[in-house]
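I have placed the structure first, in the form of structure tokens, so that the comments after it can refer back to it.
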Amino acid sequence: TPIAILISGRGSNMRALIESCARPDYPARIALVLSNNPDAPGLEVARDAGLATQAIDHRDYPRDRPAHERALDAALRAAGVEYVCLAGYMRLLTPFLTTAWAGRMLNIHPSLLPAYPGLHTHERALESGARIHGCTVHWVTEGMDEGPIIGQAAVPILAGDTPDVLGARVLRQEHRLYPAALHRVLVPDGAPAATASDYLLSV
Ligand code: GRF
């Protein structure tokens with residue numbers, strides 16, 4: 001299945017998906033890595049992996065989010081993409097894109113949704129006094145970080161954690177969760193529901 005990955009930054013989740021897609025038995029191949037930020041470090045990672053990349057700079061569409069999204073949509077269609085994985089894509093989407101790709105666009109978020117939508121999730125989890133934190137892969141809908149949940153991975157919050165330490169623990173699980181959740185979407189009966197591991201993963 002041809003997929004696109006949308007990034008804005010370093011692209012470590014993209015890298016995890018690249019590694020999975022390189023396995024012959026994995027049900028997706030990456031048709032395009034697309035960024036709103038021409039300087040995203042992840043674009044270079046993708047190019048080095050031999051993938052097609054494209055940058056469509058939102059700053060070229062001042063005060064015209066719909067026009068930027070039409071350009072993204074055209075690039076996705078031109079590449080023959082069937083599913084879109086947002087992976088650290090830091091622009092809010094309008095109903096144009098969320099509708100056009102409804103049921104075919106996934107996002108990864110660094111919290112156990114519905115807790116902590118939005119930014120600064122690790123700080124907020126620490127401040128809350130919660131003992132468990134994690135990450136979520138969900139369908140993209142119009143509301144930010146609101147769509148139906150596909151899978152989650154949980155990590156403990158440990159004494160002495162800082163946002164950075166906790167964030168790194170969550171990120172390791174993001175890299176397991178995203179490929180597992182995408183697999184689950186593409187081959188609903190193809191793999192046993194994962195509840196593996198060092199920390200709990202459920203897709
Ligand atoms: C991840 O924490 C992801 O959950 C969030 O943005 C971050 C992106 O990191 N949406 P990376 O670019 O994949 O390394």
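Just so it is clear, none of the values below were taken in a lab; they were calculated from the coordinates. What you are looking at is a predicted structure, and each value in this text was computed from that prediction instead of being measured. Every residue, glycine among them, receives a Cβ derived from its backbone with ideal geometry; neighbour counts consider all protein chains shown.
Radius of gyration (Cα atoms) of segment 49-88, expressed as a multiple of 2.2 N^0.38 Å: 1.27.
In the elastic network of the chain, a GNM with C-alpha springs shorter than 10 Å, the most mobile of L119, L186, L171 is L119.
P(r) for the chain, from all Cα pairs and a bin width of 10 Å, is 9, 36, 37, 16, 2 %, short bins first. Ordering T98, T136, T1 from the fewest to the most neighbouring beta carbons within 10 Å gives T1, T98, T136. For the chain, the mean residue ellipticity at 222 nm estimated from helices alone is -10500 deg cm²/dmol, where every DSSP H run of n ≥ 4 contributes -39500 (n - 2.57) and the total is divided by all residues, rounded to the nearest 500. With all pairs of separate Cα atoms included, segment 6-76 yields a Kirkwood hydrodynamic radius of 12.8 Å. Principal axis extents of the Cα atoms in segment 134-203, from largest to smallest and rounded to whole angstrom, are 40, 31, 13. For segment 88-201, the convex hull drawn through the C-alpha positions has a volume of 93 cubic angstrom per residue. For segment 26-114, the set of GluC sites (Glu not before Pro) satisfying both a DSSP loop assignment and a count of at most 15 other C-beta atoms within 10 Å is given as E82. In this structure, the amide hydrogen of A55, modeled 1.01 Å from its nitrogen in the peptide plane, lies closer than 5 angstrom to those of S35, counting only residues at least 5 positions away or on a different chain. When the P(r) is computed for segment 34-110, the part past 22 Å accounts for 20% of the Cα-Cα pairs. With neighbours defined as other Cβ atoms within 10 Å of a residue's Cβ, the residues M14, M144 order from fewest to most as M144, M14. Site-free segments of the chain were taken between trypsin sites (Lys or Arg not before Pro) in DSSP loops having at most 14 other Cβ atoms within 10 Å, sites themselves excluded; the longest one is 132-203.
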